[in-house]
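The values are calculated or read from the model by the stated rules, or taken from the named source; none is laboratory data. Predicted, not measured: the structure shown is a model, and the values here were computed from it. All Cβ positions, glycine included, derive from the backbone under ideal geometry; neighbour counts span all protein chains shown. What goes into the accessible areas is simple: the full protein's heavy atoms, side chains included, and nothing from ligands, DNA or RNA. Shrake-Rupley method; radii C 1.70, N 1.55, O 1.52, S 1.80 Å.
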Amino acid sequence: MHITECTWSEFQNLQMSEKVACLAREDGSPFHTLFSQQFNRTFLDQICKLATEIRTIAKSRTGMDFLQSLLSHKRAMLYFSQPSSRTFLSFLSACQILGIKTGEVRETATSSEFKGESHEDSIRTFSSYFDLIIMRTQEKGLAEHMAWMLSNSERPVPIINAGSGKDQHPTQALLDIYTLLRSFERRGGLRDRSVMFVGDLSRGRTVRSLSNLLLNYENIEQVFVAPEPLQISKDILDALDAKGVKWTASSDMYRFLPAVDAIYMTRIQDEWDAHKGDSACIDTSTYKIGIEQMRACKPDAILMHPLPRRDEIAVDVDHDPRAMYWRQMRNGMWMRVALIASTFDCAARIDAFYRENI
Ligand code: NCD
């Protein structure tokens, strides 16, 4: 079944694997990018290779001119109704690199939503003017709903989910995987490794999306370290169990620090507190990394963070060669160029340019 063959309530009630099948295109690249479960290993290998080719091509003026000519006939709307700096700017830069013209709504107070227009009508409106909608929202299923609606309209425009509620952040997971692959590429690759997630795992969408994506790699053990109320939710652990992946959930970061290959720190997502100040009552003092904690880590372990950070990673650690979070951010831009290029079927042209010129 394809997304155009079902009603919204049928689509909404499908299992994740069935939704993924409904969204699939023949070549494996996504049209709408909604969930990290959409990416399989073949696609991940292709998109990471494409990101590296683009990164290399962009080093020269001729290469940049080529990239900017690829989608200069397209326009994208960046609809970010939730706060964002990195993701917004990295998508904006990705569009600029591909020559795409952009429009943006960042504050619904300045849009017709302020007059009572629904998100659905706003997004339907964007589809009249734009060829791609990149959206970040507070609501869990909105990107999905919009994708269904547009696919079933006369102007099916692709949607890229740039963060949906507490649930998914698929493009962050792509850049995290790309960072892990680049970090381990000369050391046996991304297999037989352990990744430890630390912080607010119950409400951190980046953790949920990355945990899912890691299931595509062989023998990656996942360790979830958080204070009990912020521990990872059962649906993620069930997905790991279904694939027979080894995992541990613990509240003791120090126990795992010396053994893991990658540490993925996250901030406390207190914007989701049921009552303001709820999470400030949780003791998070043992979920922070400073110089002393880095001493306990493996000499070749890597430290990641989706950013923004608060005090969970001390600024002193930024100079440690194992700190990857700034590089992670830059990888994000290349990965988003690759994803948009692949959404508009430009991968083969980029690959040909790379083989002819580099
Ligand atoms: C994350 C997000 O928005 O989920 N930020 C990002 O996109 N890099 C993480 C966070 O806000 O903590």
Worksheet item: Say we look at region 1-41 and pick out the residues that are outside any helix (DSSP H, G or I), of a type in the set (Ser, Thr, Tyr) and in contact with a helix residue (DSSP H, G or I) (Cβ under 6 Å, 6 or more places away or on another chain); which of these is surrounded by the fewest Cβ atoms within 10 Å (Cβ to Cβ)?
Response: 29
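For region 161-197, name all the residues that are over 10 Å from the mean Cα position of the chain (by Cα) and closer than 30 Å to residue 4 by Cβ.
Answer for region 161-197, where residues must be over 10 Å from the mean Cα position of the chain (by Cα) and closer than 30 Å to residue 4 by Cβ: 164, 165, 166, 167.
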Worksheet item: Scanning region 62-90 for residues that are out of contact with any Ser or Thr (no Cβ under 8 Å at 6 or more places or on another chain) and under 16 Å from residue 343 (Cβ atoms), which turns out nearest to the ligand (Cβ to nearest atom)?
Response: 90
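Identify all residues within region 97-116 that are among the basic types (Lys, Arg), outside any loop (DSSP other than H, G, I, E, B) and in contact with a strand residue (DSSP E or B) (Cβ under 8 Å, 6 or more places away or on another chain); write none if there are none.
The first filter runs over region 97-116 and keeps only residues among the basic types (Lys, Arg), leaving 101, 106, 115.
Restricting the remaining residues to those that are outside any loop (DSSP other than H, G, I, E, B) gives 101, 115.
The answer is 101, and nothing else.
Out of the helices (runs of 4 or more DSSP H) lying entirely within region 278-358, which hold 2 or more residues that are touching a Phe, Trp or Tyr at 6+ places or on another chain (Cβ under 7 Å)? Full working, then the answer.
Details: elements: 291-296, 325-343, 347-357.
Qualifying helices (runs of 4 or more DSSP H): 325-343.
Being open to solvent by less than 20 Å² (accessible area, probe 1.4 Å) and in contact with a Gly (Cβ under 8 Å, 6 or more places away or on another chain) narrows it down to one residue among 90, 69; which is it?
Within the list 90, 69, the selection yields 90.
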Worksheet item: Considering only residues of region 125-141 that are open to solvent by less than 10 Å² (accessible area, probe 1.4 Å) and either within 13 Å of the ligand (Cβ to nearest atom) or without any contact (Cβ under 8 Å) to a residue 60 or more places away in the chain (or both), which is nearest to residue 93 (Cα to Cα)?
Response: 134
Worksheet item: For region 326-358, what are the residues that are surrounded by fewer than 20 Cβ atoms within 10 Å (Cβ to Cβ) and aromatic (Phe, Trp, Tyr)?
Response: 326, 344, 353, 354
Worksheet item: Is there a residue being within 16 Å of the ligand (Cβ to nearest atom), among the basic types (Lys, Arg), farther than 22 Å from residue 244 by Cα and surrounded by fewer than 24 Cβ atoms within 10 Å (Cβ to Cβ) anywhere in region 205-219?
Response: yes
Fill in: Candidate set from region 253-289 (those that are within 16 Å of the ligand (Cβ to nearest atom) and charged (D, E, K, R)); member that is nearest to the chain's Cα centre (by Cα)
267
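Only residues that are in a helix (DSSP H, G or I) and free of Cβ contacts under 8 Å to residues at least 24 places away in the same chain: list them for region 170-191, please. Before the answer, list the steps.
Let us first name the residues in region 170-191 that are in a helix (DSSP H, G or I), namely 170-184.
Residues satisfying the conditions do not exist here.
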